[in-house]
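What follows is a single structure, written as structure tokens, with notes after it.
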Ligand code: GLN
């Protein structure tokens, strides 16, 4: 089946002329039609645009164009703006909003010839770990439709797992590409802060937000990252560093690579099957010649409390713009203040309101020093933990999440339990460094488990090399959900 190709295999087949972009796109659209009623991975399917783009890709190829993603069908998380195509960030407050411009990361994919299939479901404004906070209903996990796909980029992860796209973009503020990738048995990478432009990404927490990539192999991630990475004059935080050839980094050789295993990531509360499976994956890295050693990241336990100060604080400022005046929902009440109140009261869901209140409180006069400023200081300690670790090791390996996918509804009324599913991904976000998740096995219920590979800032090549070396000798990433 065409939808079973990996992105890299599809690139080769398109180049060889054994398949066309139109056939590949049609195969995906048909599968979307068949499976979307069960999964709800997409909020918008841009069928006509996709077919037009595919025809254009085939024409370009016939004229000798060999752009890297020419004719490759991809899915885009609905927090990335797409000109003229509805973009909601999973919120009712942006229902019907048509952006006047396209996010740089998306534009770079389109310029490289990619075919956008549609926009994927997400927790509202990327706040959540299950997509249950979407204003448009949850996405379901392709491995067990009674379970969540993770979040917030759950739609993108489910789409790639279910073969409803060859790859996808997500965003990761505290784990939102790695955690759903782990829950859905696919690969994802959160690049270093500053590696990919945030222009056109609907902001959640600006000092943490980063666009990430999903695929079914490390090679797929390398192909996507290579296209979207790099400086953008429209995002002052995007770095001017040159973009390495990520595909060339996949040598298969990790002999002598020093891999640290942080003791703080294997604590009580980690599901036994997760610990056992991740340890086996780390043994596999050792068998490939990596030097595995224990390390310590002593401030790990503070990641969760400080993330839930910093992220809501920044969110409370970023979300002030949804006021019923400039764009999106407007519940006019005559005067301005009642209009703000009615619009925001109706448009935002409960989790977003909770975060706006937490953040507004943490930033208010008298509390700023005690909460936000203190959290920023602890954030520095977390970064220093990694600096010290990376003086001794090249990479860090750990579970991506403490447990596998939970059932829909199971944690919906318990915000703290929900927040705890990010404990192992938050630190890399707070430190602004690289984090990837690759499938490494299944638990007793047949739900996927992810191996998290963390690397120093801007060392995406080494993270991808380790993931790829692991995939050359294992097949977990090739398993497909029983749909
Ligand atoms: N689940 C975390 C949160 O709710 C992280 C979300 C994200 O990375 N966007 O904030």
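The values are calculated or read from the model by the stated rules, or taken from the named source; none is laboratory data. Here the structure is a predicted model, which is why all the values come from computation and not from measurement. In this analysis, Cβ positions are derived from the backbone assuming ideal geometry, glycine residues included, and neighbour counts consider all displayed protein chains.
Please go through segment 141-155 and pick out each residue that is away from the ligand (no atom under 12 Å from the Cβ) and surrounded by 24 or more Cβ atoms within 10 Å (Cβ to Cβ). Lay out the reasoning, then the answer.
Filtering segment 141-155 down to residues away from the ligand (no atom under 12 Å from the Cβ) leaves 141-147, 149, 155.
Across segment 141-155, the qualifying residues are 141, 142, 143, 149, 155.
Take residue 137 and tell me if it is more than 16 Å from the ligand (Cβ to nearest atom), surrounded by fewer than 24 Cβ atoms within 10 Å (Cβ to Cβ), at pLDDT 95 or above and farther than 30 Å from residue 302 by Cβ.
Values: more than 16 Å from the ligand (Cβ to nearest atom): yes; surrounded by fewer than 24 Cβ atoms within 10 Å (Cβ to Cβ): yes; at pLDDT 95 or above: yes; farther than 30 Å from residue 302 by Cβ: yes.
Yes: the conditions hold for residue 137.
Based on what the data block shows, is residue 465 touching a helix residue (DSSP H, G or I) at 6+ places or on another chain (Cβ under 7 Å) and either under 19 Å from residue 290 (Cβ atoms) or within 14 Å of the ligand (Cβ to nearest atom) (or both)? Show your work before the answer.
Details: touching a helix residue (DSSP H, G or I) at 6+ places or on another chain (Cβ under 7 Å): yes; either under 19 Å from residue 290 (Cβ atoms) or within 14 Å of the ligand (Cβ to nearest atom) (or both): yes.
It is true that residue 465 is touching a helix residue (DSSP H, G or I) at 6+ places or on another chain (Cβ under 7 Å) and either under 19 Å from residue 290 (Cβ atoms) or within 14 Å of the ligand (Cβ to nearest atom) (or both).
Filter segment 180-210 for residues that are within 11 Å of the ligand (Cβ to nearest atom) and within 30 Å of residue 252 (Cα to Cα) and give the result.
Of everything in segment 180-210, those that are within 11 Å of the ligand (Cβ to nearest atom) and within 30 Å of residue 252 (Cα to Cα) turn out to be 180, 190, 210.
Can you go through 161, 168 and tell me which one is away from the ligand (no atom under 14 Å from the Cβ), in contact (Cβ under 8 Å) with a residue 60 or more places away in the chain and farther than 13 Å from residue 76 by Cβ? Steps first, answer last, please.
Details: 168 fails: farther than 13 Å from residue 76 by Cβ.
After applying the criteria, what remains is 161.
Taking only segment 421-439 into account, find how many residues are in contact with a strand residue (DSSP E or B) (Cβ under 9 Å, 6 or more places away or on another chain), over 18 Å from residue 225 (Cα atoms) and within 10 Å of the ligand (Cβ to nearest atom).
1
Pick out the one residue from 324, 328 that is in a loop (DSSP other than H, G, I, E, B), closer than 20 Å to residue 201 by Cβ and more than 15 Å from the ligand (Cβ to nearest atom). Can you show your working first?
On the way: 324 fails: closer than 20 Å to residue 201 by Cβ.
Sole residue among the options that is in a loop (DSSP other than H, G, I, E, B), closer than 20 Å to residue 201 by Cβ and more than 15 Å from the ligand (Cβ to nearest atom): 328.
Say whether the condition of being without any contact (Cβ under 8 Å) to a residue 60 or more places away in the chain and either within 25 Å of the chain's Cα centre (by Cα) or assigned to a helix (DSSP H, G or I) (or both) is met by at least one residue in segment 294-304.
Yes.
Among what's in segment 411-420 and is within 20 Å of residue 137 (Cβ to Cβ) and within 11 Å of the ligand (Cβ to nearest atom), pick the residue that is nearest to the chain's Cα centre (by Cα).
Applying the filter and picking the extreme gives 418.
State yes or no: is residue 191 touching a helix residue (DSSP H, G or I) at 6+ places or on another chain (Cβ under 9 Å), closer than 16 Å to residue 129 by Cα and surrounded by 24 or more Cβ atoms within 10 Å (Cβ to Cβ)?
Values: touching a helix residue (DSSP H, G or I) at 6+ places or on another chain (Cβ under 9 Å): yes; closer than 16 Å to residue 129 by Cα: no; surrounded by 24 or more Cβ atoms within 10 Å (Cβ to Cβ): yes.
Criteria not met by residue 191.
Against the condition in contact with a helix residue (DSSP H, G or I) (Cβ under 8 Å, 6 or more places away or on another chain) and at pLDDT below 95, how does residue 269 come out, does it pass? It would help to see each step written out before you state the result.
Working: in contact with a helix residue (DSSP H, G or I) (Cβ under 8 Å, 6 or more places away or on another chain): yes; at pLDDT below 95: yes.
Criteria met by residue 269.
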